[in-house]
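The values are calculated or read from the model by the stated rules, or taken from the named source; none is laboratory data. Since we're looking at a predicted model, the values are computed, not measured. All Cβ positions, glycine included, derive from the backbone under ideal geometry; neighbour counts span all protein chains shown.
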Amino acid sequence: MKYAFTLAEVLITLGIIGVAAALTMPSLIAKYEEKAAVTALKKFSSTFGQLFIKRNYETGEDFRLVLSQYGTTNNDALEEWFNLNLKPYLNVVKQGQVGTVVYSQCPVGGGFAFFLSDGMCAGIDDYSKTQSVNEFGVNTDDDDSVLGLFVDINGMKRPNKYGRDRFMFVYDSKGLHPAGMDNPKVCNAATLQYCTSKMIQDGKITY
């Protein structure tokens, strides 16, 4: 004699499966998003680290010095510097200074922003030695200005928060450095802008 499930039994089983899925899916989604964020951040760090090395090798000059000579308190000069020194090495789909529509779509920081073909957006500006320590948590021996680099790894998508999808770097004569590199203890729930280094090192969000 063959037995079949009753409608009530099927509905109860589906209900149990639904409850289990509701309990586990948020955690699985969060883990997936976290892994995707780490992968994208490492990709950005590697891409720009290699870009700076390639650019300096091909031109035979340290572009930071060019940056300081531009006196980039003027955003027009900053955009001109970007067009000459970084844009030729990137696949830029749109760009704009503070006050433009493009910048409002990517208000990560700095005086100038640009979107890449992979959906990431970034901002740049020049900063002093003191600002590198205080605002980025990166010590530098450079007396000239350093390059501050900001990135939102998923562009205009949420959450648009530092330490989650927005991160900061400094480029000086020794290379590209993630924010918080020289003082990882400052990375916490209240100071997420310093968490770039910890995110890369840990490979996950531990703050």
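Is it the case that R55 is at pLDDT below 80, closer than 17 Å to G175 by Cβ and in a helix (DSSP H, G or I)? Spell out the reasoning first.
Details: at pLDDT below 80: no; closer than 17 Å to G175 by Cβ: yes; in a helix (DSSP H, G or I): yes.
Here the answer is no, as R55 does not meet what is asked.
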- line: Filtering region 60-96 for residues that are modelled with pLDDT of 75 or more, surrounded by 13 or more Cβ atoms within 10 Å (Cβ to Cβ) and of a type in the set (D, E) leaves a count of 2
- request: Examine region 100-107 for a residue that is outside any loop (DSSP other than H, G, I, E, B), without any contact (Cβ under 8 Å) to a residue 12 or more places away in the chain and among the aliphatic types (A, V, I, L, M), and state whether such a residue exists.
  value: yes
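Listed residues V38, V19; which is surrounded by fewer than 11 Cβ atoms within 10 Å (Cβ to Cβ), out of contact with any Asp or Glu (no Cβ under 6 Å at 6 or more places or on another chain), assigned to a helix (DSSP H, G or I) and modelled with pLDDT of 70 or more? Full working, then the answer.
Working: V38 fails: surrounded by fewer than 11 Cβ atoms within 10 Å (Cβ to Cβ).
Testing whether each residue is surrounded by fewer than 11 Cβ atoms within 10 Å (Cβ to Cβ), out of contact with any Asp or Glu (no Cβ under 6 Å at 6 or more places or on another chain), assigned to a helix (DSSP H, G or I) and modelled with pLDDT of 70 or more leaves just V19.
Among D182, D118, D202, which is closer than 16 Å to S46 by Cβ and surrounded by fewer than 22 Cβ atoms within 10 Å (Cβ to Cβ)?
Numbers: D182 fails: closer than 16 Å to S46 by Cβ; D202 fails: closer than 16 Å to S46 by Cβ.
After applying the criteria, what remains is D118.
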message: If I124 satisfies all but one of (1) under 13 Å from the mean Cα position of the chain (by Cα); (2) in contact (Cβ under 8 Å) with a residue 60 or more places away in the chain, what's the number of the condition it fails?
response: (2)
